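Enquirer: Before I ask anything, let me first share the structure, which is written out below as structure tokens.
The values are calculated or read from the model by the stated rules, or taken from the named source; none is laboratory data. All figures in this text were calculated on a predicted structure; none of them were measured in a lab. Cβ placement follows ideal geometry from the backbone for every residue including glycine, while neighbour counts extend to all protein chains displayed. The protein model used for the area step is the full one, side chains on, heavy atoms only, and it has no ligands, DNA or RNA in it. Shrake-Rupley method; radii C 1.70, N 1.55, O 1.52, S 1.80 Å.
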Amino acid sequence: MGEQKVSSKEVCNSYNHKRTLWWFYLVAACIKLLLFPSYRSTDFEVHRNWLAVTHSLPLSKWYFDETSPWTLDYPPFFAYFERFLSIFAHLVDPRIVHVQDGLNYSSNTVVYFQRATVILSDLCLLYGIFRLTRNMDSRRQKLIWSLVIWSPMLLIVDHMHFQYNGFLIGILLISLSYLEEGRDLMGGFVFAILLCFKHLFAVAAPIYFIYLLRHYCRGGIIRGFGRLFILGTVVAMVFAAAFGPFVYLGQIEQVIRRMFPFGRGLCHAYWAPNFWVFYIIADKVLAFMLRKLGFIIPKPAASFTAGLVGDSSAFAVLPQVTPLSTFIMVLLALSPCFIKAWNNPQPRMITRWIAYAYTCGFLFGWHVHEKASLHFVIPLAIIAVQTFQDAKHYFLLSIVSCYSLFPLLFEAQEYPIKVLLLLVHSILMWSGFSLQLYDGPATTTSTAHIKGRRGDHFESERRRNGPAGMGHFALGWVEKTYLVGLVAIEIWVQFLHPLLLGDKFPFIPLMSISIYCTFGIMYSWIWQLTSIVQSHRL
């Protein structure tokens, strides 16, 4: 009888948690509906064109069509996804999926349809976050849900600028949830699916490989090779389903060329806040100084920021940077994580390792988009509830990363929206992390339940603050100083620069944001690296 009573209570709690999660999703959906008329970037036309290409043309022409400059350059699973959406697009408005007549089509029907598909595809994110948090106590669940489902970064990038990052990151979170549960084969299977949707997630593939090799393929030579064969077969089947039709058509080289256009510049049009910002600035400063000293320093003809395929980047003084050199730097930055995953593959550390991998890819990768910060900011929301140091780190990182996206919304009418989104997010974070110090009534799920899965370092902090006391979530002086500087940068960019300099030096505002945010991202990378190296102490 006792066991049956506990089981019934758990079922009731699970139902309540799911209902609350749906409430979070519906609140976010209402906000997203209000953003329908807001600014949308060329990515909106990119995805509309992909709907047209996959619907109106045979599969053999998908990766060859050049009617629009926004050619299909994602892996086949995403092309199949667009093909699926195009079925409904054709029912809504046939012009949406017309290759010629649909070019730059921007009627209300296409706007409402495409934005609605992003909202619906976020159900994948909802499922991923549910799986990762279902064994946590209610307080932590709600905090993580607010950080992820109500993420201002996702609202800005997906539901204003326009992309499907929530859908793709949802697949990543599903994979991580399986790995944390010890279901390695399913975790690897889902990650392989993700790579066939968007290949830029492959930065974490080496960590996945080492972890699965050491954690899943263990237990002796015979059992290990047997499991390695099973894992390899599963991954191969996924890639065969994605790329097989194009191998059969003899088009795999064209698909690969589209997916990896290395002719693009080292940086995107707006410099993502990464290591290469410092490298470019150093090159320009050195070139300027040497010219002043009388040296003949030719100006490079190639661009650092070619958005379309063109010439590779060139530097005036410093050594040229190639895709291979960025790849090597990413691997070197990942090497401490490789060692940790090889020596002690722990399911409780895998989310932290994967987030660090995407941070390395963002900092040292080739032609990185500023939007790629979502790949590590969202997984780190799961980490943020583990310790107070994790919480403080996430508070700073999420603000910096969100602010770095502000240049994406450059029209005046969107300015109050992005500022309000960041302010509300900051208040929610501060309140949520402070609440972790509150030793109030017991939550719906026993705290002891989570201790078996993650160390409860918040519990010791609560005890320090006394019974039923509200703890104080505080940042260090370094973090406070940096955030004050962030406000100063925004005041300069938005108000003082136009007032004092007018149209002179139009590159300074964007460059100021990029450089300043780079310091914050670099700080996060160092913090994550230190945390991983010292992880044996956790």
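Enquirer: Classify segment 47-164 as rounded, prolate or oblate, taking a ≥ b ≥ c as the square roots of the eigenvalues of its Cα gyration tensor: rounded when a/c is under 1.5, otherwise prolate if a/b is larger than b/c and oblate if not.
Expert: On the way: a/c = 2.77, a/b = 2.18, b/c = 1.27.
Because a/c hits 1.5 or more and a/b exceeds b/c, segment 47-164 counts as prolate.
Enquirer: Which ³J(HN,Hα) values, rounded to whole Hz and listed in residue order, are derived for segment 153-164 from phi using the Karplus coefficients 6.51, -1.76 and 1.60 in 6.51 cos²θ - 1.76 cosθ + 1.60 with θ = phi - 60°, glycine and proline given as x?
Expert: Using θ = phi - 60°, the values come out as 5, 5, 4, 5, 6, 8, 9, 10, 4, 4, 7, 10 Hz.
Enquirer: Also, quick follow-up: Obtain the nm distance between the two label points defined at residue 503 and residue 285 by a simple spin-label model: each point lies 7 Å from its Cα along the Cα-to-C-beta direction.
Expert: 3.1 nm
Enquirer: Also: Given a 1.4 angstrom probe, what's the average accessible area per residue across the chain, in square angstrom?
Expert: Each residue of the chain exposes 45 Å² on average to a 1.4 Å probe.
Enquirer: What's the extension gain from residue 472 to residue 434 if we count 0.36 nm per residue and subtract their Cα-Cα distance? The partial results should precede the final answer.
Expert: Numbers: separation 38, 0.36 × 38 = 13.68 nm, distance 0.59 nm.
Between residue 472 and residue 434, full extension yields an extra 13.1 nm.
Enquirer: Shifting gears a bit: Starting from the Cα of residue 418, draw a straight line to each of the lysines and keep only those under 28 Å, dropping any in the same chain fewer than 8 residues away.
Expert: Filter leaves 32, 142, 198, 371, 392, 480, 504.
Enquirer: Moving on. So for the chain, averaging the separation of alpha carbon pairs under 8 Å that are six or more residues apart and normalising by length, what relative contact order in percent results?
Expert: 16 percent
Enquirer: Among rounded, prolate and oblate, which fits the chain when a ≥ b ≥ c are the square roots of the eigenvalues of its C-alpha gyration tensor, a/c under 1.5 means rounded, and a/b larger than b/c means prolate?
Expert: It comes out rounded by the Cα gyration axes.
Enquirer: While we're here: Calculate what fraction, in whole %, of the accessible area of the chain sits on carbon and sulfur atoms when a 1.4 Å probe is rolled over the protein chains.
Expert: Values: 16470 of 24120 Å².
Ligands and nucleic acids excluded, carbon and sulfur give 68 percent.
Enquirer: Can you pull the one-decimal nm distance between simple spin-label points at residue 181 and residue 530, each 7 Å off the Cα toward Cβ?
Expert: 3.6 nm
Enquirer: For segment 254-259, what does the Karplus curve 6.51 cos²θ - 1.76 cosθ + 1.60, with θ = phi - 60°, yield as ³J(HN,Hα) per residue in whole Hz, taken in order and with x for Gly and Pro?
Expert: 3J(HN,Hα) across segment 254-259, in whole Hz: 5, 4, 5, 4, 5, 6.
Enquirer: Enumerate the calculated ³J(HN,Hα) couplings along segment 510-515 in order (Karplus 6.51 cos²θ - 1.76 cosθ + 1.60, θ = phi - 60°), each rounded to whole Hz, writing x wherever the residue is Gly or Pro.
Expert: In residue order, the calculated couplings are 5, 5, 5, 4, 4, 5 Hz.
Enquirer: Could you list which residues have their amide H under 5 Å from that of residue 368, counting only those 5 or more apart in sequence or on another chain, with H placed in the peptide plane?
Expert: For residue 368, whose amide H was placed from the backbone, the distant partners under 5 Å are 268.
Enquirer: So, in Å, what gap is there between the alpha-carbon centers of segment 81-125 and segment 401-436?
Expert: 28 Å
Enquirer: Something else now. Run lengths n ≥ 4 of DSSP H only: what is the helix-derived mean residue ellipticity at 222 nm for the chain, with -39500 (n - 2.57) per run over all residues, to the nearest 500?
Expert: Mean residue ellipticity, 222 nm, calculated: -21000 deg cm²/dmol.
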